[in-house]
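A.B. asks: The structure follows.
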Amino acid sequence: MTTPQEVISLAEQRVQARLNKDFSLSDKLRDQILALGYVIKDTSEGYDLVEKPPFEVFENLASVKVKPTREKSRITICLLVDGWLEDTQECLDALLKHSPSDANILVLDLGNIDSVGNYLNRIEKSNSKIEVIHLAQTLNVAGWANSINKLIELSNSEFCVVMDLSSIISGDAISPLVSRIDDQFVAVGWKGCLVNLEEQWRSVDDKGDGEVDILLGYLFAIKTKIAQEIPANSKAKFYRNADLEWSLELRSKGHKLLAFSQDLAVVQKRHHGYHDSDQEYREKESKKTYDRILQNYRGKNQILSPRR
């Protein structure tokens, strides 16, 4: 279907309004575009125009609101979805089947790529365990850290679970992690690492279960209050190394992290967010984050867990 010229004209006017920092006009133009049946999505290249979907779409993270009637749960499973329909289906099917009864799933759909937002909308209507927030921005624009921070900000649960679509549970892998959070450990994850001191903090090593310097973002549980007080660094656009940076910031504030994988019913499938992302973007943003890690934490060995 060809986008009407009137809609394209309004979109071009909005581009100019944003360049002029006339955000009031930009919002009015966005609403006019929406009234004509289209949603404008800001991208790193400019914008995309898509037909208005049958659900509410927020322009950006700052405009996100949730329903005041949302049921409170003990655990909120936070899931970022930026396309990958088959992965989304497999991950959600497993969570619906195996996650504990006191856990709800809060999903952020970023950009409705490949109409995955439409699928999520159908699932949400048929299952009260899931709540979906639809964002016009893609993950590259909104940023990994800002996106996961928003879900945690919106959580009304005691614990939050951060996980990737590539992590597929085949049993209740959530409860064992949450049960090990206590006065000593504020976060417990499936995979963790220690900073390699011999290489001057330029790499990390998997040392198995136990206290760790870093929890990897594939699957971990954290006290919601702590995650809200000490969020992931908003400068981290890409997920890679963002979990390292967040972990070290938590440790720098005196908090301990635990890796626990014994008999945990979870496997990792292909990580599309890494393997199928734009290589130049991936390397640039990953390097920015690791450069901040070296600048802010290298040499502060006192914040690290005991070596083993």
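A.B. asks: Does anyone have the angle between helix 242-252 and the longest principal axis of the chain? Alpha-carbon axes, 0 to 90°, nearest 10?
C.D. replies: 50
A.B. asks: Return one number: the angle in degrees, 0 to 90 and rounded to the nearest 10, between the long axis of the Cα atoms of helix 279-297 and the longest principal axis of the Cα atoms of the chain.
C.D. replies: On a 0 to 90 degree scale, this one is about 50.
A.B. asks: Any idea which of ALA265, SER252, CYS91 is furthest toward the positive side of the dipole for the range 75-303, if Lys and Arg beta-carbons carry +1 and Asp and Glu beta-carbons -1?
C.D. replies: Going by the Cα projections, it comes out as SER252.
A.B. asks: Report the convex hull volume per residue for the range 86-187, counting only C-alpha atoms, in Å³. Don't skip to the answer; put the middle values down first.
C.D. replies: Details: hull volume 11.3 nm³, N = 102.
That works out to 110 Å³ per residue.
A.B. asks: Sticking with this structure for a sec: Give me GLU59, GLU229 sorted ascending by neighbouring Cβ count inside 10 Å, so fewest comes first.
C.D. replies: On the way: GLU59 19, GLU229 11.
Ordered from fewest to most neighbouring Cβ atoms within 10 Å, GLU59, GLU229 come out as GLU229, GLU59.
A.B. asks: Test of understanding: in a Gaussian network model of the chain with alpha carbons linked when under 10 Å, which of LEU294, LEU19, LEU154 would top the mean-square fluctuation ranking?
C.D. replies: Of LEU294, LEU19, LEU154, the most mobile in the Gaussian network model is LEU19.
A.B. asks: Something else about it: In a Gaussian network model over the chain where Cα atoms closer than 10 Å are linked, find which of ASN118, ASN127, ASN146 has the largest mean-square fluctuation.
C.D. replies: Looking only at ASN118, ASN127, ASN146, the biggest GNM fluctuation is shown by ASN127.
A.B. asks: Follow-up. Can you flag which of LYS235/LYS256; LYS256/LYS284; LYS28/LYS72 are past 28 Å Cα-Cα? The partial results should precede the final answer.
C.D. replies: Values: LYS235/LYS256 23 Å; LYS256/LYS284 30 Å; LYS28/LYS72 35 Å.
Correct reply: LYS256/LYS284; LYS28/LYS72.
A.B. asks: Return the label of the correct value of Cα extents along the principal axes in Å, as calculated from the structure shown, out of (i) 108, 31, 26; (ii) 65, 43, 33; (iii) 100, 42, 33.
C.D. replies: Of the listed options (i) 108, 31, 26; (ii) 65, 43, 33; (iii) 100, 42, 33, (ii) comes from this structure.
A.B. asks: Taking the chain as a Gaussian network, where each spring joins two C-alpha atoms under 10 Å apart, which residue of VAL39, VAL212, VAL188 fluctuates the most?
C.D. replies: VAL39
A.B. asks: Quick one: check the C-alpha center-to-center distance for the range 181-216 versus the range 217-250, whole angstrom.
C.D. replies: 13
A.B. asks: Rounding to the nearest 10 and keeping the result within 0 to 90°, find how far the Cα-based axis of helix 23-35 lies from the longest principal axis of the chain.
C.D. replies: That helix lies at roughly 70 degrees to the long axis.
A.B. asks: Please work out how much length the chain gains when fully extended from ARG122 to LYS288, using 0.36 nm per residue of separation minus the C-alpha to C-alpha distance, in nm with one decimal.
C.D. replies: Numbers: separation 166, 0.36 × 166 = 59.76 nm, distance 3.80 nm.
The span from ARG122 to LYS288 would gain 56.0 nm if fully extended.
A.B. asks: Calculate the FRET efficiency for ILE230 and LEU49 from the Cβ-Cβ distance with a Förster distance of 41 Å, rounded to the nearest 0.05. Mind dumping the intermediate values first?
C.D. replies: Numbers: r = 38 Å, r/R0 = 0.94.
Here the calculated transfer efficiency is 0.60.
A.B. asks: With n ≥ 4 as the cut-off for DSSP H runs, can you work out [θ] at 222 nm for the chain, using -39500 (n - 2.57) per run divided by the number of residues, rounded to the nearest 500? Numbers along the way, then the final one.
C.D. replies: Numbers: 11 runs with 113 residues, N = 308.
About -11000 deg cm²/dmol.
A.B. asks: Let me ask something else. Given the options ILE222, SER277, PRO54, identify the residue whose Cα lies farthest towards the positive end of the charge dipole of the chain (+1 on Cβ of Lys, Arg; -1 on Cβ of Asp, Glu).
C.D. replies: ILE222
A.B. asks: Using only alpha-carbon positions, what ratio does the radius of gyration of the range 5-52 give when scaled by 2.2 N^0.38 Å? Intermediate results must be reported in sequence, preceding the final value.
C.D. replies: Details: Rg = 9.7 Å, N = 48, 2.2 N^0.38 = 9.6 Å.
Cα-based Rg divided by the globular estimate yields 1.01.
A.B. asks: Between the range 288-308 and the range 6-76, what is the C-alpha centre distance in whole Å?
C.D. replies: The two parts, judged by their Cα centres, are 39 Å apart.
A.B. asks: So what is the relative contact order for the range 5-52, in percent, with contacts set as C-alpha pairs under 8 Å and at least six apart?
C.D. replies: Numbers: 45 pairs, mean separation 13.4, N = 48.
The value is 28 percent.
A.B. asks: Radius of gyration and Dmax for the range 225-308's Cα atoms, expressed in Å?
C.D. replies: When restricted to Cα atoms, the range 225-308 yields Rg and Dmax of 14.8, 37 Å.
A.B. asks: Rank these for me by crowding, SER234, SER175, going from fewest to most other beta carbons within 10 Å.
C.D. replies: Details: SER234 10, SER175 17.
Least to most surrounded, the residues fall as SER234, SER175.
A.B. asks: Dipole of the range 75-303, Cα-centred, from +1 at each Lys and Arg C-beta and -1 at each Asp and Glu C-beta, to the nearest 20 debye? Write down the numbers at each step before the final one.
C.D. replies: Details: 26 positive and 34 negative charges, 109 e Å.
Dipole of the range 75-303, to the nearest 20 debye: 520 debye.
A.B. asks: Report the extension gain between SER24 and ASP205 in nm, rounded to one decimal, defined as 0.36 nm multiplied by the number of residues separating them, less their alpha carbon distance. Spell out each step's value before the answer.
C.D. replies: Working: separation 181, 0.36 × 181 = 65.16 nm, distance 4.94 nm.
Difference between extended and current length: 60.2 nm.
A.B. asks: Fewest to most neighbouring Cβ within 10 Å: what's the order for PHE55, PHE23, PHE159, PHE260?
C.D. replies: Details: PHE55 17, PHE23 10, PHE159 25, PHE260 22.
The most exposed by this proxy come first: PHE23, PHE55, PHE260, PHE159.
A.B. asks: Once label points are set 7 Å from the Cα along Cα→Cβ at both SER9 and HIS272, what is their separation, rounded to one decimal in nm?
C.D. replies: According to this spin-label approximation, the distance is 3.8 nm.
A.B. asks: Another one. About its Cα centre, how strong a charge dipole does the range 5-52 have in debye, to the nearest 20, once Lys and Arg get +1 and Asp and Glu get -1 at the Cβ?
C.D. replies: Values: 7 positive and 9 negative charges, 31 e Å.
It works out to roughly 140 debye.
Each value in this text was obtained by applying a stated rule to the coordinates, not by laboratory testing. Only a predicted model underlies this, so the values are computations on that prediction, with no experimental measurement involved. For neighbour counting, all protein chains shown are included, and Cβ atoms are generated from backbone atoms with ideal geometry for every residue, glycine included.
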